[in-house]
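Student: Before I ask anything, here is the structure I am working with.
The values are calculated or read from the model by the stated rules, or taken from the named source; none is laboratory data. None of these values were measured; they are calculated from a predicted model. As a convention, Cβ positions derive from the backbone with ideal geometry for all residues, glycine included, and neighbour counts pool all protein chains shown. SASA here: full protein model, heavy atoms, side chains in, ligands and nucleic acids out. Shrake-Rupley method; radii C 1.70, N 1.55, O 1.52, S 1.80 Å.
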Amino acid sequence: VLEVYLSAETQNYEANIKSATVINGGQVSVKGNSIEGLNFVKDEPIRIRVEIDYHDMCAMEVKAYATSK
């Protein structure tokens, strides 16, 4: 799971994700500020195109959570 946040000076705000697509990858699902169904592989980069419901430039942060298989 990848959580996406808008980053302010003293606080983070959940980013409302409109869509997310793994470039050259499989399907993912979006729920609020979370992208689920990602497949993280050690030492392999993953590229994701994310569209959020926000129109200005902003700083962003992400948090990634994974379970081992």
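Student: For the range 1-67, with all protein chains present and a 1.4 Å probe, just round the carbon and sulfur fraction of the accessible area to a whole percent.
Tutor: Ligands and nucleic acids excluded, carbon and sulfur reach 46 percent.
Student: Eight or more residues apart or on different chains, and alpha-carbon atoms under 22 Å: count the Lys pairs in the chain matching that.
Tutor: Value for the chain: 5.
Student: Put +1 on the Cβ of each Lys and Arg and -1 on the Cβ of each Asp and Glu in the chain; which of Asn16, Leu38, Leu2 then has its Cα farthest toward the positive end of the dipole?
Tutor: Leu38
Student: Can you compute the charge dipole magnitude of the chain about its Cα centre, using +1 on each Lys and Arg Cβ and -1 on each Asp and Glu Cβ, nothing else charged? Give it in debye, rounded to the nearest 20.
Tutor: I would put it at about 340 debye.
Student: Please give the length that would be gained between Asn39 and Met60 if that part of the chain were fully extended, namely 0.36 nm times their separation in residues minus their C-alpha to C-alpha distance (nm, one decimal).
Tutor: On the way: separation 21, 0.36 × 21 = 7.56 nm, distance 2.17 nm.
Full extension from Asn39 to Met60 adds 5.4 nm.
Student: Report the far tail of the P(r) of the chain, meaning the percent of Cα-Cα pairs longer than 18 Å.
Tutor: 38 percent
Student: Extension gain Glu51-Gln11, at 0.36 nm per residue separation less the Cα-Cα distance, in nm?
Tutor: Value of the extension gain: 12.3 nm.
Student: Going through the range 13-61, which trypsin sites (Lys or Arg not before Pro) have at most 10 other Cβ atoms within 10 Å and a DSSP loop state?
Tutor: In loop regions of the range 13-61 (DSSP not H, G, I, E or B), the sparsely surrounded trypsin sites (Lys or Arg not before Pro) are Lys42, Arg47.
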